[in-house]
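The structure appears right after this line, and notes come after that.
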Amino acid sequence: MNHKGASMFRRILVLLDAGLVGRRIVPWVRRLLAPVGGDVHLLVVLAPGRTVIAGSRTLSYANQSEDAARGAASLELAGVAARLRDDGFAVSSEVRFGDPGAVALDTAQAWGAEAIALVDVPARGARRWLTRNVADDIIQKSTIPVLVGRTSGQRSA
């Protein structure tokens, strides 16, 4: 919020994971945009599909697995989008494939987002030290503000 009580943002890209754990960020986005009734773009980025071969027989092609994954994610997104629309927000959504950080940043720029909202799903144990998480990648490369929620429900200091 700015000093006059109006939201600084009118267009927020919400990055959700396939399991939609990221839905936890939606109430915060709703609060940020409520004063202006802004636009929300829901984005799920999935790993590219793979062709499954058993012996010499192809069981499924990459595009078939992507179509199935896109359909399942789109169905989940529809529920989130409907609730936001009921609250008066303009909502668009899409499911894409690739690197979540890169796709989110590209989508935010192309759509004209003023902020990106996501939930940080941290890696556990040794994996935490070996991999970069998506939130870190987006925060470091984004030219617009990034709102990051936690999966644990803990409050930050």
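Brief remarks on what is shown
- The modelled label-to-label distance between SER74 and SER56, using points 7 Å beyond Cα along the C-beta direction, is 3.6 nm.
- Phi angles across region 97-112 convert, under the Karplus curve 6.51 cos²θ - 1.76 cosθ + 1.60 with θ = phi - 60°, into 3J(HN,Hα) values of 10, x, 6, x, x, 5, 5, 4, 5, 5, 5, 4, 5, 5, 7, x Hz, Gly and Pro given as x.
- Amide H to amide H, with H built 1.01 Å from N, VAL146 comes under 5 Å of ILE116, counting only residues 5 or more places away or on other chains.
- Residue exposure proxy: ASP86, ASP39, ordered by other Cβ atoms within 10 angstrom of their Cβ from fewest to most, comes out as ASP86, ASP39.
- Projected label points at GLN109 and VAL36, each 7 Å from Cα along the beta carbon direction, are separated by 2.2 nanometres.
- Beta bridges per DSSP, both residues in region 11-150: antiparallel share near 10 percent.
- Extension gain for the segment GLU94 to ASN63, taken as residue separation times 0.36 nm less the Cα-Cα distance, is 9.5 nm to one decimal.
Readers should treat all values here as calculations from the given coordinates under stated rules, not as data from a laboratory. Note that this is a predicted model, so its numbers are computed, not measured. Note that each Cβ is placed from the backbone with ideal geometry, even for glycine, and that neighbours are counted across all protein chains shown.
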